[in-house]
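Structure, as structure tokens:
The values are calculated or read from the model by the stated rules, or taken from the named source; none is laboratory data. Just so you know, these numbers come straight off a predicted model, no measurement behind them. Neighbour counts are summed over all protein chains in view; Cβ atoms, including those assigned to glycine, are modelled from backbone coordinates with ideal geometry. We work out accessible area using only protein heavy atoms, side chains counted, and drop any ligands, DNA or RNA first. Shrake-Rupley method; radii C 1.70, N 1.55, O 1.52, S 1.80 Å.
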Amino acid sequence: MKRGHGQRRGQEAVLEAQQQQGPGQVASSMCMEPSTPLSIHCYMAPCLLRSTPKVPTTPAKAKRVSTFQEFESNTSDAWDAGEDDDELLAMAAENLNTEVVMETAHRVLRNHSQRQGQPTLQEVPATKQEPKPMAEPPVAEPSAAPSGDLRLVKSVSESHTSCSTESTSDAIPLQRSQSLPHSATVALGGTSDPSTLGSSALSKRESSRLDKFKQLLAGPNTDLEELRKLSWSGVPKPVRPITWKLLSGYLPANVDRRPATLQRKQKEYFAFIKHYYDSRNDEAHQDTYRQIHIDIPRMSPEALILQPKVTEIFERILFIWAIRHPASGYVQGINDLVTPFFVVFICEYLEVENVDTVDVSSVPSEVLRNIEADTYWCMSKLLDGIQDNYTFAQPGIQMKVKMLEELVSRIDEQVHRHLELHEVRYLQFAFRWMNNLLMREVPLRCTIRLWDTYQSEPEGFSHFHLYVCAAFLMRWRKEILEERDFQELLLFLQNLPTAHWDDEDVSLLLAEAYRLKFAFADAPNHYKK
């Protein structure tokens, strides 16, 4: 390159822009007009896309720059900081489509002006400089320009965002997921709600997950292993009823066999009612029925349980199960395990956002009968895997509480010793965690999300639940160590503040539980003392 060649081209670009827009508009506009010669594009971007000192109106010869290197050192380019000079030279050497670049730049400006609905960028007082937030640049339409054009449009859009933000008095940080017009509106007006955009992105992810579930369930034979993998991170509400029925083993994987299986199982359940339910007042069974009748009103959520139809359904389900499983019979705690299945299945016929306020009065009686049967069989499948929790003296729960104590002593010895120091026994708070599968510790919506994963895990309700309880205890480590009194410590552990928990809290809990399982499940030397 000849001496002074870069100087002349850069200054020609500045003078050309000044003559067309005026010196006060060069720094804040998009800096290029359709009449700009193609030969100076690569130099206009460095010198005009950022705010520049006032350019003298005298001819270029009046202030001479000795070399191109000096000119370049005094000029800030519009590309991202940190890019190599070789990339800039390669961009300049590419054959750029001027018409496409100009059309894209003007379209961005028009969209910005229309969405802003405020004075132009030049009229906004620049009284306060804010750090420049980074925004995701828009991408030009692939069919309109080749790859070289896309790169130049990217740099032009980024510089426009910088100009808009620097001229704003109270700028709001932009999110990378937003497009340029929305970003400019946030920076200037401050009226856009980032949570709305986050919810939109979340809805897209949920929609994508729902499509995967529907595609998997639509086949003639559902791949249960793949269904478990998808369900581990949560099951979308529309497909949760059928997914739970499949994962629990209530329905077969073959689609053609499902209607006959449902019909047969529902018929079988109502045969049980006809045969056994009238014996609830017999001397041999009246104590069982009486205890069930006492426990149901104590369940949650109250809005659901206090409905007479629901009370009758739960009484029938629990009594039939107790009669058909004499080894354990009815034990307090089993009653809580009915609720998640019933709520999930009935929400298939109701449009409700809050599962705690389900109203069954509008559900037809025939539908309620089928839901009752489905709930009975799915609960039975669950209890088949943890029945030793409810046999005489409840040995399954005693063993799991002991395993939890050993596990916590390995995970966090400080917490373990703190509980021992204040004479808090694990059985005093963890018995209920095992007996009710944490249903009394977290809201119903969180229990449903928790059970999505439990039904996806091998022995989820019996084995994986142990690690969930350990992670749950560690979640309150700071609060536990701050308590210095036996009574206060025990009251805290029996009334943990989870009323405002949501799916995200449950997902974090499950992730930590999986980490603990991965570390300790197959490491007996680290697991046992």
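Note on exposure: ARG475, ARG205, ARG449 ranked by accessible area (1.4 Å probe, complete protein assembly) read ARG205, ARG475, ARG449, with the most exposed listed first.
For the pair ASP388 and GLN494, label points projected 7 Å from Cα toward Cβ lie 2.8 nm apart. Taken along the Cα-to-beta-carbon direction at a fixed 7 Å, the label points for GLU504 and ASP356 span 1.9 nm. What is the list of residues in segment 425-446 whose amide nitrogen lies under 14 Å from a point 7 angstrom out from the Cα of GLU479, following Cα to Cβ? It comes to 441-443, nothing else. Extents of segment 358-473, largest first, come to 57, 28, 24 Å (Cα atoms, principal axes, whole angstrom).
Summed over the residues of segment 341-380 and divided among them, the accessible surface reaches 42 Å² per residue at a probe radius of 1.4 Å. Solvent-accessible surface of protein heavy atoms, probed at 1.4 angstrom with all chains present, puts ILE480, ILE242 in the order ILE242, ILE480, largest first. Our coupling estimate for segment 362-374, obtained by passing each phi through the Karplus curve with A = 6.51, B = -1.76, C = 1.60 and θ = phi - 60°, is 8, 8, x, 4, 5, 5, 4, 4, 5, 5, 4, 5, 4 Hz, Gly and Pro reported as x. Computed with a 1.4 Å probe on the full set of protein chains, the accessible area for ILE320 sits at about 0 Å². The listed residues MET474, MET299, once ranked by accessible area (1.4 Å probe) with the largest placed first, stand as MET474, MET299. Ranking VAL343, HIS325, ILE313 by Cα position along the charge dipole of segment 301-353, where only Lys, Arg, Asp and Glu carry charges on their C-beta atoms, puts HIS325 farthest toward the positive end.
Note on ALA327 and SER279: the model spin-label points, each 7 Å out from Cα along the C-beta direction, lie 1.9 nm apart.
Extension gain for the segment VAL255 to HIS293, taken as residue separation times 0.36 nm less the Cα-Cα distance, is 9.9 nm to one decimal.
Note on PHE486/MET399: beta-carbon distance plugged into 1/(1 + (r/R0)^6) with R0 of 30 Å gives a FRET efficiency of 0.75. Here segment 377-529 is treated with +1 on each Lys and Arg Cβ and -1 on each Asp and Glu Cβ, and its dipole about the Cα centre works out to around 300 debye. Rolled with a 1.4 Å probe across the full set of protein chains, the surface gives SER233 an accessible area near 80 Å². To put it simply, the accessible area of segment 385-459 at a 1.4 Å probe is 51 percent carbon and sulfur.
Carbon and sulfur atoms: what percent of the 1.4 Å accessible area of segment 233-335 do they account for? Whole-percent figure for carbon plus sulfur exposure: 49.
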